[in-house]
1. What strands (runs of 3 or more DSSP E), lying completely within the stretch 10-87, carry at least 2 residues that are over 11 Å from the mean Cα position of the chain (by Cα) and modelled with pLDDT of 75 or more?
2. Against the condition over 14 Å from the mean Cα position of the chain (by Cα) and assigned to a strand (DSSP E or B), how does residue 96 come out, does it pass?
3. Tell me the residue from 35, 98, 45 that is surrounded by 16 or more Cβ atoms within 10 Å (Cβ to Cβ), in contact (Cβ under 8 Å) with a residue 40 or more places away in the chain and out of contact with any Leu (no Cβ under 6 Å at 6 or more places or on another chain), please.
4. List the residue pairs whose Cβ atoms are under 6 Å apart, where the first residue sits in the stretch 65-94 and is free of Cβ contacts under 8 Å to residues at least 12 places away in the same chain, the second is assigned to a loop (DSSP other than H, G, I, E, B) and loosely packed, with under 13 Cβ neighbours inside 10 Å, and the two are 6 or more positions apart or on different chains.
5. Any residue that is among the small types (Gly, Ala, Ser), over 21 Å from residue 32 (Cα atoms) and out of contact with any helix residue (DSSP H, G or I) (no Cβ under 9 Å at 6 or more places or on another chain) - is there at least one of those in the stretch 63-73?
Amino acid sequence: MEIVVTRTHVSEAQRRAVARLRLSKRFGLEVLSGADEVIANFLGAQTEVCFIPIYDGMPRYIESLKEFESRGFSVVDFVPVSRAAGDLLMLEMDCVLARRSESTLDCQTSE
């Protein structure tokens, strides 16, 4: 698998952006774990999460969400992508995430 990274000059305001990550593929979580320095600058992210794996090695939504939560993100919304043919079971959904604010973290620890 080849990953191409291109860097361009951007201002600090532009660096605080939202990432669109394709983590439903086999090596998606490895890519995320190798991008911690870059991910730390993002205010939000969007990724596909898998509810029913369609091939071996595909990370399940729980694994993907744990990885994002460990990096300070929380779920904002889920948007359906695909369902299993012939029934209502969800295969994949787009997951929109936002970085937790300090006030959100304070609420979690005060319980």
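The values are calculated or read from the model by the stated rules, or taken from the named source; none is laboratory data. From a predicted model like this one, the values you see are computed outputs, not experimental measurements. Cβ atoms come from the backbone with ideal geometry, glycine included; neighbour counts cover every protein chain shown.
1. Details: elements: 18-21, 44-50, 73-83.
Result: 73-83.
2. no
3. Result of the check over 35, 98, 45: 98.
4. none
5. Within the stretch 63-73, not a single residue is among the small types (Gly, Ala, Ser), over 21 Å from residue 32 (Cα atoms) and out of contact with any helix residue (DSSP H, G or I) (no Cβ under 9 Å at 6 or more places or on another chain).
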